[in-house]
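The values are calculated or read from the model by the stated rules, or taken from the named source; none is laboratory data. These numbers come from a predicted model, not from an experiment. As a convention, Cβ positions derive from the backbone with ideal geometry for all residues, glycine included, and neighbour counts pool all protein chains shown. The accessibility values were calculated without ligands, DNA or RNA, using every heavy atom of the protein model including side chains. Shrake-Rupley method; radii C 1.70, N 1.55, O 1.52, S 1.80 Å.
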Amino acid sequence: MESIRRKKKKLGDILIDDGELQEGDKLPNQTKFASDLGVSRPSLREALHTLTLMGVIEQKPGAGTILKSANIELWNEQPPPPMISDTRATLELLEARREIEMVMARSAVERITDNELKNMAEAIENMKQALDEDDKAKFQKEDLSFHYQIANASHNRYIIHMFVTIRSLMDQFMIETFNILPGLKHDSLKYHIAIYEAMKTGNKTKVVSYVKNHILDIENNLKRYYSAKK
């Protein structure tokens, strides 16, 4: 994600600071745009996807990519992500994630669409397959996809922005966490299934409770890990 943050900043320099585009303008063709930035097209698409979630741009089929917000604050560099060895930063970040995802889930349960529920179910099935295949990278990807679906279901750009910021800081940390605490993958899947089932029935109390306990479970496992290392 560090490379994506650099690309976002570079995009901001070119489009915002240089005044080449104004809100409502169409972004350049992706082939030319990637060449101007000196990045590959897959890397550019990944950065554009993140910016779409943040509400900076909008990708319209047949119309291209439109700049929705020239607010430079959305392009700012994020604080450096913590490593698993940084106890204080890790637990602070998990605390922030817990509070943001509880708000996110509360909004999502009221607004989620059938398609978003379908995407959540697909992510769960893919997580099961990744566990069976012991594919850590795939599991991490589908775990993130599941939470993105909840964020999208909030249908609130600012909540999505906060979630994207938090998760972008947690990517490497989550990879490390699954490596040192492999049992968390199984626990994560169980919580995801419970969240999905409660989301399907529209039970806000259960959804928020499962999200809270999911993150608390990670926090408590890490606290035990840190205590054992002392």
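For this structure, a couple of remarks:
- Hits in segment 106-116 (condition: surrounded by 16 or more Cβ atoms within 10 Å (Cβ to Cβ) and in contact with a Lys or Arg (Cβ under 8 Å, 6 or more places away or on another chain)): Arg106, Val109
- Ala96 vs. criteria in contact with a helix residue (DSSP H, G or I) (Cβ under 9 Å, 6 or more places away or on another chain), small (Gly, Ala, Ser) and either modelled with pLDDT under 90 or farther than 24 Å from Ile180 by Cα (or both): no
- Check on Leu189, modelled with pLDDT under 95 and either more than 14 Å from the chain's Cα centre (by Cα) or under 14 Å from Met102 (Cα atoms) (or both): no
- Segment 188-198, residues that are under 21 Å from Lys141 (Cα atoms) and open to solvent by less than 50 Å² (accessible area, probe 1.4 Å): Ser188, Leu189, His192, Ala194, Ile195, Tyr196
- Test: residue in segment 128-136 that is without any contact (Cβ under 8 Å) to a residue 60 or more places away in the chain, at positive phi, assigned to a loop (DSSP other than H, G, I, E, B) and open to solvent by 60 Å² or more (accessible area, probe 1.4 Å): yes
- Leading residue by the ranking (nearest to Arg224 (Cα to Cα)) among those in segment 167-180 that are at pLDDT 85 or above and open to solvent by less than 30 Å² (accessible area, probe 1.4 Å): Thr177
- Positions within segment 111-121 being farther than 14 Å from Ile195 by Cα and without any contact (Cβ under 8 Å) to a residue 40 or more places away in the chain, in sequence order: Asp114, Asn115
- Here is the figure for segment 199-230: residues that are surrounded by fewer than 15 Cβ atoms within 10 Å (Cβ to Cβ), touching a residue at least 12 places away in the same chain (Cβ under 8 Å) and among the aliphatic types (A, V, I, L, M) total 1.
- Here Glu99, Glu142 are screened, and the one residue that is in a helix (DSSP H, G or I), of a type in the set (Asp, Glu) and crowded, with 18+ Cβ neighbours inside 10 Å is Glu142.
- Candidates Leu11, Leu44, filtered to the one that is assigned to a helix (DSSP H, G or I), modelled with pLDDT of 70 or more and surrounded by 15 or more Cβ atoms within 10 Å (Cβ to Cβ): Leu44
- Residue match in segment 152-163 (condition: surrounded by 18 or more Cβ atoms within 10 Å (Cβ to Cβ) and closer than 23 Å to Ile84 by Cα): yes
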